[in-house]
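Rule-based calculations on the coordinates, nothing more; no lab input. Just so you know, these numbers come straight off a predicted model, no measurement behind them. Every residue, glycine among them, receives a Cβ derived from its backbone with ideal geometry; neighbour counts consider all protein chains shown.
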Amino acid sequence: MNAQQLIAEANELPLEDRAMVVDSLLLSLNASSADLDRQWLKAAHYRLDELKSGKATAVPAQEVFAKIWNRFDK
């Protein structure tokens, strides 16, 4: 079986199974490291503390994506 056949077969899977295949493939490309995971966790806690304290404000995802799409539409 070649890659194109595998992709065609995977596309026939139910959505949840396709997501599991994609997740597995991405993990195989981007192996996680404990140190990197700790750094991301530290950054996430820092951002959460900023939001809770009022130092930062949340921006709705819809607004963020609209700005991104506007940049690419030009």
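For the reader, a short list of remarks on this structure follows.
- Subtracting the Cα-Cα distance of D17 and K42 from their residue separation scaled by 0.36 nm leaves 5.9 nm.
- In a DSSP loop and with at most 15 other Cβ atoms within 10 Å, the GluC sites (Glu not before Pro) in the range 1-38 are E12.
- This model, with +1 at the C-beta of Lys and Arg and -1 at the C-beta of Asp and Glu, gives the chain a dipole about its Cα centre of some 580 debye.
- Per-residue Cβ neighbour rank within 10 angstrom, fewest leading, M1, M20: M1, M20
- Dipole orientation for the chain: of the candidates S32, F65, M20, F65 has the Cα lying most toward the positive pole (charges on Cβ; Lys, Arg +1; Asp, Glu -1).
- Tensor-based shape of the range 34-74 (alpha-carbon gyration tensor, a/c under 1.5 rounded, otherwise prolate or oblate): oblate
- Only helical runs count toward this figure. For the chain, summing -39,500 (n - 2.57) over DSSP H runs of n ≥ 4 and dividing by all residues gives -25000 deg cm²/dmol at 222 nm.
- Between A3 and N30, the C-beta separation translates, for a Förster distance of 22 Å, into a calculated FRET efficiency of about 0.70.
- Rounded, prolate or oblate (a/c below 1.5 giving rounded, otherwise prolate when a/b exceeds b/c) for the chain by Cα gyration tensor: oblate
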